[in-house]
Amino acid sequence: MTERPALPVASDGSDALQVAVRVAQAAGAEIERRLPDTIGSGAKERLGLTTKGGWNDRVTEVDKAAEDAALAVLTGAFPDHEIVGEESGAHGGDSPYRWYVDPIDGTWNFASGLPHICVSVGLWGHGEPLVGVLLDPIRKETFTAATGRGSAINGTPVTVSDENRMEEALLGFDIGYKGPEGKLLLGAVAELWPGFQSVRMMGSAALGITYAGCGRLELYAHHYVQPWDIAAAIVVVREAGGIATELNGGPLTPESRSIAAGAPRIHEQFLAATAGSLWRASAC
């Protein structure tokens with residue numbers, strides 16, 4: 001764990017970590033309310049699934065409702081803080097504190113009835129990560145972390161994997177929204193295989209990174225992420241004793257577009273093994 005900075009405090013006396021949990025819970029309640037609509041044929045139509053960006057970048061009406069619920073709690077607690085929401089963009093006051101909110105990370109999983117999604121709420125202050133809260137409304141798991149305070153699942157402390165052999169590592173990846181880079185990623189996995197235990201395509205970058213922070217994966221890597229994908233999860237990884245960098249090993253910021261995160265020794269070996277990868281070069 002790093003030095004423990006003071007967290008901003010809301011008018012009701014709650015600190016930013018407590019507020020972040022409430023923000024995630026507000027979004028999670030909207031998701032839970034619509035979970036029955038994810039069952040069976042016609043789910044995508046019931047959820048109002050539409051294309052918002054690239055050919056496979058999708059959004060549902062639930063994403064929007066969940067973000068509205070989250071922002072209502074957050075703006076009530078910290079009206080002067082800046083907020084960057086995946087669906088609503090950047091807004092708020094002129095403050096050194098900036099929140100990043102992803103109401104449903106894993107929208108395609110959600111619309112397909114696959115139980116691997118999360119709400120992601122991250123706070124950065126003065127350019128440094130302070131708070132990360134991720135809520136999985138299906139497994140009823142809340143991942144919490146704050147700089148200098150460690151990481152936990154439902155209040156139980158967690159750490160990264162202590163595995164130090166790449167051949168025993170379980171790696172997580174995602175293809176993302178960029179076709180050519182996605183093909184390069186698949187090529188990189190083929191180059192590494194069979195140098196690791198197995199691979200998982202997660203469908204949620206935020207949850208994949210978080211799993212690398214609590215030992216469920218040894219490492220998670222992605223070539224094209226957004227600020228709301230990583231802002232909260234990297235706090236979990238770092239406070240759990242892990243390392244999170246860009247694919248080239250450079251420092252992460254919310255504006256970074258690539259990530260490799262997880263157990264220190266596996267992270268080191270992964271970067272060494274992919275040093276000449278076209279996939280890695282395309283993301284840096």
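On inspection, VAL199 passes the criterion of being hydrophobic (A, V, I, L, M, F, W, C), in contact with a Phe, Trp or Tyr (Cβ under 8 Å, 6 or more places away or on another chain), over 25 Å from GLU86 (Cβ atoms) and not in a helix (DSSP H, G or I). Candidates in the stretch 158-184 are the residues that are farther than 18 Å from PRO264 by Cα and under 19 Å from the mean Cα position of the chain (by Cα); of these, the one that is modelled with the highest pLDDT is ASP174.
In summary, no strands (runs of 3 or more DSSP E) completely within the stretch 216-284 bear 1 or more residues that are among the acidic types (Asp, Glu). Restricting the search to the stretch 16-25, which residues are surrounded by fewer than 24 Cβ atoms within 10 Å (Cβ to Cβ) and within 14 Å of CYS118 (Cβ to Cβ)? Correct list: VAL21, GLN25.
In this structure, ALA231 does not qualify as closer than 22 Å to ASN164 by Cβ, modelled with pLDDT of 95 or more and either among the polar types (S, T, N, Q) or crowded, with 19+ Cβ neighbours inside 10 Å (or both). Condition first: touching a helix residue (DSSP H, G or I) at 6+ places or on another chain (Cβ under 6 Å) and of a type in the set (Gly, Ala, Ser). Now tell me which residues in the stretch 66-87 satisfy that. ALA66, ALA69, ALA70, ALA77, GLY85, listed by residue number.
Just to be sure, is THR50 under 19 Å from the mean Cα position of the chain (by Cα) and hydroxyl-bearing (Ser, Thr, Tyr)? Taking the combined requirement at face value, the residue does not satisfy it. Report, by residue number, each residue of the stretch 150-196 that is assigned to a loop (DSSP other than H, G, I, E, B), of a type outside the set (Asp, Glu) and exposed (fewer than 14 other Cβ atoms within 10 Å of the Cβ). ASN154, GLY155, ARG165, TRP193, PRO194, GLY195 - these are the residues of the stretch 150-196 that are assigned to a loop (DSSP other than H, G, I, E, B), of a type outside the set (Asp, Glu) and exposed (fewer than 14 other Cβ atoms within 10 Å of the Cβ). Residue count for the stretch 68-114, restricted to those that are surrounded by fewer than 20 Cβ atoms within 10 Å (Cβ to Cβ) and either of a type in the set (Ser, Thr, Tyr) or outside any helix (DSSP H, G or I) (or both): 17.
On the stretch given as the stretch 1-25, residues that are hydrophobic (A, V, I, L, M, F, W, C) and farther than 20 Å from ALA152 by Cα total 2. Of the residues VAL9, VAL73, VAL21, the single one that is closer than 25 Å to LEU130 by Cα and not assigned by TED's automatic domain parsing to the domain that holds TYR97 is VAL9.
The values are calculated or read from the model by the stated rules, or taken from the named source; none is laboratory data. These numbers come from a predicted model, not from an experiment. Cβ atoms come from the backbone with ideal geometry, glycine included; neighbour counts cover every protein chain shown.
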